[in-house]
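Asker: Structure below; questions to follow.
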Amino acid sequence: MAEERTIRVLVADDHAILRGGLAAFLRAVGGMELVGEAANGEEAVRMARELRPDVVLMDLKMPVMDGVAATRAIRACCPDTQVVALTSFVEDELVPRALQAGAVGYLLKNVSHQELAAALRRAAEGQSVLSPEATQALVEAAARVSPVLEALTPRESQVLALMVDGFTNLQIGQQLGITESTTKSHVSTIIAKLGVASRTEAVAVALRHGLVD
């Protein structure tokens, strides 16, 4: 059996006690490695550039540079690094902003250790990780925007259904017998047709409007 990959994590939070708690958790749990701690968004960007972590756990409300701006900067300079927003509560407008900036997930700080470890592993593979509250906020945002839903082709509907199930582009391609580049093209077309800015928003719209079974 292949050895489980070690997930390298950078923690960014301006509250020292919370940051320390997350650091202690990462040191204790198997398969995780704490590579650094940042006290603000600017530090997070600099450390991500230097350390190239697999995942950044990002507080969104921080001084100097907020988490949304830091997420956007990290995704621009370190495309292989995933960002998971970890906040105390859900703000309806902040959820889509974080995801549009490139975050792959949005979790609340009351998440259990087991749920957080599982979310970090999924995020490292590029899979969406959303708390139920964040998903609801996205659904409500999609309803407010009322995007024009163009008819999807049968193949696009298949791809969207697998996106909803949390499959990566590579996994979707394997399921449907198509290349990863073709899958990426389908995903881009689906996002454009649904009038959204990200893969995660596309999934929320699909669920809201019953576009998949």
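Asker: Please state which of the following conditions LYS193 fails to meet, knowing it meets all the rest: (1) under 30 Å from VAL45 (Cα atoms); (2) at pLDDT below 90; (3) not in a loop (DSSP other than H, G, I, E, B); (4) not assigned by TED's automatic domain parsing to the domain that holds LEU57.
Answerer: (1)
Asker: If you don't mind, another one. Only one of (1) at pLDDT below 90; (2) buried (at least 16 other Cβ atoms within 10 Å of the Cβ) fails for GLN171. Which number is that?
Answerer: Answer for GLN171: the failing condition is (1).
Asker: Are any of the residues in the range 25-40 closer than 18 Å to ALA101 by Cα and at pLDDT 95 or above?
Answerer: Yes, because at least one residue in the range 25-40 is closer than 18 Å to ALA101 by Cα and at pLDDT 95 or above.
The values are calculated or read from the model by the stated rules, or taken from the named source; none is laboratory data. Just so it is clear, the structure is predicted and the values come from calculations on it, not from any experiment. Reconstructed Cβ throughout: ideal geometry from the backbone, glycine too, with neighbour counts over all protein chains shown.
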